[in-house]
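S.K.: Please read through the structure below; I'll follow up with questions.
The values are calculated or read from the model by the stated rules, or taken from the named source; none is laboratory data. Small disclaimer: the values here were computed from a predicted structure and weren't measured. We place every Cβ from the backbone using ideal geometry, glycine too, and count neighbours over all the protein chains shown. These accessible areas exclude ligands, DNA and RNA; they are computed on the full protein's heavy atoms, side chains included. Shrake-Rupley method; radii C 1.70, N 1.55, O 1.52, S 1.80 Å.
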Amino acid sequence: MDIVAVGAVCILLAFALLSLPRIRGKSSQNNPPGPCPLPIIGNIHKLGKHPHKSLASLAQVYGPIMRLKLGRITTIVISSSSTAQQVLQKQDLEFSSRSQTDAVRASCHNKYSVVFLPVGSRWRSLRKIMSSYIFAANKLDKNQHLRSRKVHDLIRYCEKCCQSGEAVDIGRAAFLTSLNLLSNTIFSKDMINSYENSEAKEFRDLVWNIMFEAGKPNLVDYFPVPILRWIDPQGIRRKMTGYFEKLIKLFDSLIKERLELARVGNASQNTSTIDVLEELLKMLQTDEIEEAQIHNLFIDLFGAGTDTTSSTVEWAMSEILRNSEILVKVKAELNQVIGKGKIIQEADISKLVYLQCIVKETMRLHPPVPFLIPRQVEKEVQLCGYTIPKNSQVLVNAWAIGRDPKLWINPLSFQPERFMDSQVDINGHYYELIPFGAGRRICPGMPLAMRMVPVMVGSLINCFDWKLEGGILPEKLDMEEKFGLALAKHHPLRAVATLVVL
């Protein structure tokens, strides 16, 4: 999005806003430092096309706790591991509320989403459902055969492309693998029957559009007045409403299909395995959960569980393929530990130390959600000697922390070896590496992601040799980012696979 164009629209609406009273913090003398705001628009012009990069550069000038005015909204940007720990752990409860943007108000998603609900009974209930029925270790172990089957499907698809000489779109293939894994866990069926299916592209585009619109700078958020919410000048909420309605319609059809099977007593239904939908329908009958909560829980699961996982796989494969020394090392480890040409099993991950380092290094340089999910303080808070005004939005720049030269040697270089003798992990206890966040609002899907990503990456590397499409030299591979709520690769990674010689 061209932020300059947004600024132009902002000027047109300025006269309506000038009549409104200006908000002044009572403790402004102790506010964090930051760039001087312009009249009306504040610091909106500082965001640019890649806000995670722009704010990282500004933090080098103003410090790890930086204050900006984005229109009428005070935004606090956290850019160091120590201040991130203060926000996410030591003062976790004070910073636990979410910033509810106008985009997530579409279809009342903010009222039902476990991602955006404030900490409270409804949020705790949904988190408990996710931790008990989806991401618990025993549930993941029990469903391991599902994930293994989907990874085998991925490898068979790449073999088919190999035979025809067609390049594989790595991100798209990883997305469809993640999608069918989730749909099997939740609905006991594939959402997409074929990697070549046109519906597959439509579903991926739908999820990416949600991520893109949710992360797009929005005038309605910067100037939260009724007239702008009504106008919706960038059309973000209208688009999001359409996207959510498509997903809800799809999920509702799957729910009705299951209810009809139960009504007619379908004898062919496998009742020995109770999937997530079955558990949720039981709760629906006892009023433990609402139908709207089920729909929006599925939106959260399929949004966060497909795009971020597939994006991480694509970034990891991109970094491996453009670093020949790393490729040689990881192939050697795979050959030694499990044997050349074999598909990785989850039980192998703990023995594949270098592969685990690659995943960590990928998430350091390319965190799935660069600002994590924005937070908001509901009352005035003291942070490291500064006053954070009530209703301030708080962004934790995980992208900047992962590239902080005070924490990392050669921070812009992809060097998995840096983790070989390091205890630093991505479990939310080491604040220099927080791709999934930390504290009570850490991403609940982390345990599943950390099973799927290394298995997919390791299997793709161990089963095939790869060359970039069009004869592109590895060092010339385009690594430009596409900003949204999630951080995607701007130009898809396309590579031609050749079966490894055993």
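S.K.: Would you mind counting up the charge near residue 190? Only other residues with Cβ under 9 Å from its Cβ, with Lys and Arg at +1 and Asp and Glu at -1.
M.R.: Taking every other residue near residue 190 into account, the sum is +1.
S.K.: Turning to a different aspect of this structure: Could you tell me the center-to-center distance, by alpha carbons, between region 296-352 and region 230-264 in angstrom?
M.R.: Result: 32 Å between the Cα centres.
S.K.: Let me ask you something else. Given the pairs 90/128; 329/467; 49/390; 340/467; 189/216, which span a C-alpha to C-alpha distance of over 26 angstrom in this model?
M.R.: 49/390; 189/216
S.K.: Please report, in Å, the Rg and the Dmax of region 47-136, where both are computed over Cα atoms only.
M.R.: Answer for region 47-136, Rg first and Dmax second: 16.1, 46 Å.
S.K.: Give the Cα extents of the chain along the principal axes, in whole Å, largest first.
M.R.: Taking max minus min along each principal axis of the Cα atoms, the chain gives 71, 60, 40 Å.
S.K.: Let me ask something else. What does region 250-352 give for Rg and for Dmax, in Å, if only its C-alpha atoms count?
M.R.: Answer for region 250-352, Rg first and Dmax second: 21.0, 59 Å.
S.K.: Using only Cα atoms, find the angle between the long axis of helix 51-62 and the longest principal axis of the chain, and express it within 0 to 90 degrees, rounded to the nearest 10.
M.R.: Approximately 50 degrees, to the nearest 10.
S.K.: Nearest 10 degrees is fine. How inclined is helix 170-187 to the longest principal axis of the chain, computing both from alpha carbons?
M.R.: 90 degrees
S.K.: Ordered by packing density, taken as the mean number of other Cβ atoms within 10 Å over each peptide's residues, highest first, how do 431-438, 318-325 rank?
M.R.: 431-438, 318-325
S.K.: Around residue 356, with a cut-off of 15 angstrom between Cβ atoms, what is the net charge of the other residues, counting Lys and Arg +1 and Asp and Glu -1?
M.R.: -2
S.K.: Hey, another quick one. If you take the alpha carbon radius of gyration of region 105-209 and divide it by 2.2 N^0.38 Å, what ratio comes out, to two decimals?
M.R.: Region 105-209 yields a ratio of 1.31.
S.K.: Next up: Amide H to amide H under 5 Å from residue 464: which residues, 5+ apart in sequence or cross-chain, H placed 1.01 Å off N in plane?
M.R.: 500
S.K.: Tell me the angle of helix 144-164 to the major Cα principal axis of the chain, expressed in degrees between 0 and 90 and rounded to the nearest ten.
M.R.: 80 degrees
S.K.: Under 15 Å from the Cβ of residue 56, count the other residues' Cβ atoms, weight Lys and Arg +1, Asp and Glu -1, and hand me the total.
M.R.: Charge balance near residue 56 sits at +3.
S.K.: From Cα coordinates alone, what are the radius of gyration and Dmax values for region 151-276 in angstrom?
M.R.: Every Cα atom of region 151-276 included, Rg and Dmax give 19.4, 58 Å.
S.K.: Ok, one more. What is the percent carbon and sulfur in the accessible area of the chain, measuring with a 1.4 Å probe over the protein chains and ignoring ligands?
M.R.: Roughly 54 percent, rounded to a whole number.
S.K.: Please compute the alpha carbon radius of gyration of region 340-481, then divide it by the globular-protein estimate 2.2 N^0.38 Å. Two decimals is fine.
M.R.: Ratio of Cα Rg to 2.2 N^0.38 Å: 1.26.
S.K.: Which one, 73, 132, 89, projects farthest toward the positive side of the charge dipole computed for region 68-142 from Cβ point charges (K/R +1, D/E -1)?
M.R.: Comparing the listed Cα positions along the dipole, 132 ranks first.
S.K.: Using protein chains only and a probe of 1.4 angstrom, how many square angstrom of residue 108 are accessible, to the nearest 10?
M.R.: It works out to around 60 Å².
S.K.: How much length is gained if the chain between residue 427 and residue 230 is pulled fully straight, taking 0.36 nm per residue apart and subtracting their Cα-Cα distance, in nm to one decimal?
M.R.: So the chain would gain 66.8 nm between residue 427 and residue 230.
S.K.: Could you grab the relative contact order for region 46-120? Cα pairs under 8 Å, six or more apart, rounded to a whole percent.
M.R.: 16 percent
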